[in-house]
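Colleague: Take a look at this one; I'll ask things after.
The values are calculated or read from the model by the stated rules, or taken from the named source; none is laboratory data. Computed from a prediction, not measured in an experiment: that's the story for all the values here. All Cβ positions, even for glycine, are placed from backbone atoms using ideal geometry, and neighbour counts span all protein chains on display. For accessibility, only protein heavy atoms count, side chains too; no ligands or nucleic acids. Shrake-Rupley method; radii C 1.70, N 1.55, O 1.52, S 1.80 Å.
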Amino acid sequence: MNILVTGGAGYIGSHTVRELVNRGHQVVVLDNLTRGHQAAVKEGFLVKGDTSDRALLKQLFAEFEVDAVMHFAASSQVGESVRLPSDYYHNNVVKGLNLLDAMVESEVRYLVFSSTAAVYGEPREVPIPESHPANPTNPYGATKLALEGAMRWYGDAYGLRWASLRYFNAAGADPEGDIGEDHTPETHLIPLVLKVALGQMPHLEVYGNDYPTPDGTCVRDYIHVNDLAQAHILALDALAGGAPSSAYNLGNGNGYTVLDVIRTAGEVVGRTLPVKFTARRPGDPAMLVAGSDKIKSELGWQPLYPRLKDIIETAWRWHLSHPQGFEK
Ligand SMILES: NC(=O)c1ccc[n+]([C@@H]2O[C@H](COP(=O)([O-])OP(=O)(O)OC[C@H]3O[C@@H](n4cnc5c(N)ncnc54)[C@H](O)[C@@H]3O)[C@@H](O)[C@H]2O)c1
Ligand SMILES: O=c1ccn([C@@H]2O[C@H](COP(=O)(O)OP(=O)(O)O[C@H]3O[C@H](CO)[C@H](O)[C@H](O)[C@H]3O)[C@@H](O)[C@H]2O)c(=O)[nH]1
């Protein structure tokens, strides 16, 4: 297929682009490079532009005879979204709607969307099934839920066919070690822990140790970025094969506390990593663990990297060989 990947110069998008190209798809990436990296697009074709540009979207759809869109482009930091909700509603909802409208106008039928565990808010049960009520505790999750709502109604009215993949915590890097996570500023736990290991930070700040969890720190479910990439391909194949539009969770079903992650990273790098306990970060739910049975049974998804240590090892390989990320 011919596939437009928005946000394909970013972390998860660039890994998915590689997987798509390996499977023989033609890929064009649209990224405004605010958070992404030209050097992350090793395969496919990069167009620098914004998802708000309807004329550009329609031109790309026509020129590349696009069959499907994978929509990664978004603002995606929980803490930032609490401070800057307007930015999040504009980038994720307003520009997201512009993309949906352009797809409808150009008759591009298939959409695979990067959604998030943050749509659920504080869970009533873990692992969280897709049927769990969606009640986000931060603007980021609310904006993703808003676009999911639009996709559903656009599907009914205009025939858009979609899969919404609700990822839990993406982590790790391609084992080839030439692409990986490089955000400025970095806010995610695993790359920050590995920056401590590289000596680029004196210690890791642990945001809160008074949560109702086994050691008081937040519990998350970490999923390897290449396992996410596989899921995108399965979701697109299913849509093209006539499967109904649907939302799927993506995680490994194992919850790790922040201290578990730091300990495991210490095992990977071979030394104890220093921490400092600080206040809770606004918007953080205590515990997010995925129930991913639906995507396993309906689409046949099977993670290749279910173990946290393996995930951190691939991230470490990337950070060791690229201590300053892509650009330097
Ligand atoms: N990283 C995670 O743990 C995680 C978890 C759940 C969901 N997600 C979602 O997955 C997607 C990818 O996340 P990521 O970690 O790779 O983020 P990222 O910031 O690395 O990638 C996003 C890319 O989109 C680009 N972009 C942003 N807004 C744009 C716009 N309006 N037009 C064009 N390009 C734009 C950025 O430059 C960047 O390259 C996001 O939608 C995010 O919300 C991420
Ligand atoms: O320096 C740090 C960084 C993070 N944490 C903690 O580590 C956990 C993981 O934090 P991340 O920032 O790595 O990830 P989040 O869980 O906040 O968010 C990620 O997963 C969410 C869904 O679970 C969203 O989809 C979001 O896009 C994605 O960044 C959280 O409890 C956070 O409080 C720290 O203690 N110290």
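Colleague: How many nm separate the modelled label positions at residue 215 and residue 243, each set 7 Å beyond the Cα in the direction of the Cβ?
Modeller: The modelled label-to-label distance comes out at 3.6 nm.
Colleague: Using θ = phi - 60° and the Karplus curve 6.51 cos²θ - 1.76 cosθ + 1.60, what whole-Hz ³J(HN,Hα) does each residue of the stretch 191-200 get, with Gly and Pro shown as x?
Modeller: x, 5, 4, 6, 5, 4, 4, 7, x, 7
Colleague: Just give me a number: lysine pairs in the chain, eight or more positions apart or cross-chain, with C-alpha atoms less than 16 Å apart.
Modeller: Taking the Cα cut-off of 16 Å, the pair count is 6.
Colleague: Moving on to the next point. Remind me, relative contact order of the stretch 58-141 in percent, using alpha carbon pairs under 8 angstrom and six or more residues apart?
Modeller: This gives 40 percent for the stretch 58-141.
Colleague: Which one, 229, 238, 118, has the greatest fluctuation when you compute a Gaussian network model over the chain with C-alpha springs under 10 angstrom?
Modeller: Answer for the Gaussian network model of the chain: 238.
Colleague: For the stretch 92-218, just the Cα set please: Rg and Dmax, both in angstrom.
Modeller: Reported Rg and Dmax, both Å: 18.3, 54.
Colleague: About its Cα centre, what dipole magnitude does the chain give when the only charges are +1 on Lys and Arg Cβ and -1 on Asp and Glu Cβ, stated in debye to the nearest 20? Mind showing how you got there, number by number?
Modeller: Working: 28 positive and 38 negative charges, 90 e Å.
Using only the charged Cβ atoms, the result is roughly 440 debye.
Colleague: Which whole-Hz couplings ³J(HN,Hα) result when phi for each residue of the stretch 260-274 is put into the Karplus expression 6.51 cos²θ - 1.76 cosθ + 1.60, θ = phi - 60°, listed in order with x for Gly and Pro?
Modeller: Whole-Hz 3J(HN,Hα) from phi for the stretch 260-274: 4, 5, 5, 5, 5, 4, x, 5, 5, 8, x, 7, 6, 9, x.
Colleague: Once phi is turned into ³J(HN,Hα) by the Karplus curve 6.51 cos²θ - 1.76 cosθ + 1.60 with θ = phi - 60°, what whole-Hz value does each residue of the stretch 246-252 show in order, with x for glycine and proline?
Modeller: 6, 10, 9, 6, 9, x, 9
Colleague: Taking only Cα atoms, what is the 0 to 90° angle, nearest 10, from helix 139-158's long axis to the longest principal axis of the chain?
Modeller: 20
Colleague: Between 0 and 90 degrees, rounded to the nearest ten: what's the tilt of helix 225-240 against the longest Cα principal axis of the chain?
Modeller: Approximately 20 degrees, to the nearest 10.
Colleague: Could you state the accessible area per residue of the chain in Å², with a 1.4 Å probe and every protein chain left in place?
Modeller: 41
Colleague: For residue 293 paired with residue 90, estimate the spin-label separation in nm (one decimal), with each label point 7 Å from Cα along the Cα-to-Cβ line.
Modeller: Taking the simple label geometry, residue 293 and residue 90 are separated by 4.4 nm.
Colleague: May I pose another question? So between residue 64 and residue 310, what do we pick up on full extension, going 0.36 nm a residue minus the alpha carbon distance?
Modeller: Working: separation 246, 0.36 × 246 = 88.56 nm, distance 3.76 nm.
84.8 nm is the gain from fully extending residue 64 to residue 310.
Colleague: Note down the nm distance, to one decimal, between modelled labels 7 Å out along Cα→Cβ at residue 150 and at residue 178.
Modeller: 3.6
Colleague: Hey, another quick one. Relative contact order of the chain, please, whole-number percent, based on alpha carbon pairs below 8 angstrom and at least 6 residues apart.
Modeller: 20
Colleague: Taking the Cα atoms only, what angle lies between the long axis of helix 95-106 and the longest principal axis of the chain, rounded to 10 degrees?
Modeller: 30
Colleague: If R0 is 45 Å, what FRET efficiency do you get for residue 125 and residue 320 from their C-beta distance, rounded to 0.05?
Modeller: Values: r = 39 Å, r/R0 = 0.87.
Computed FRET efficiency for residue 125 and residue 320 comes out at 0.70.
Colleague: Next up: Counting only C-alpha contacts under 8 Å and six or more residues apart, can you give the relative contact order of the stretch 1-104 as a whole percent?
Modeller: 31
Colleague: Starting from the amide H of residue 277, placed 1.01 Å from N in the peptide plane, find each other amide H under 5 Å away whose residue is 5 or more places distant or on another chain.
Modeller: 206
Colleague: Okay, next question. Rounded, prolate or oblate: which one fits the chain, using the alpha carbon gyration tensor with axes a ≥ b ≥ c (rounded when a/c is under 1.5, else prolate when a/b beats b/c, else oblate)?
Modeller: prolate
Colleague: Separate question: Build a GNM of the chain with springs between Cα atoms under 10 Å: which of 200, 77, 230 gets the top mean-square fluctuation?
Modeller: 200
Colleague: Taking amide H positions as placed 1.01 Å from N in the peptide plane, with prolines and chain starts having none, which residues 5 or more places from residue 116, or on another chain, fall under 5 Å of its amide H?
Modeller: Result for residue 116 returns 167.
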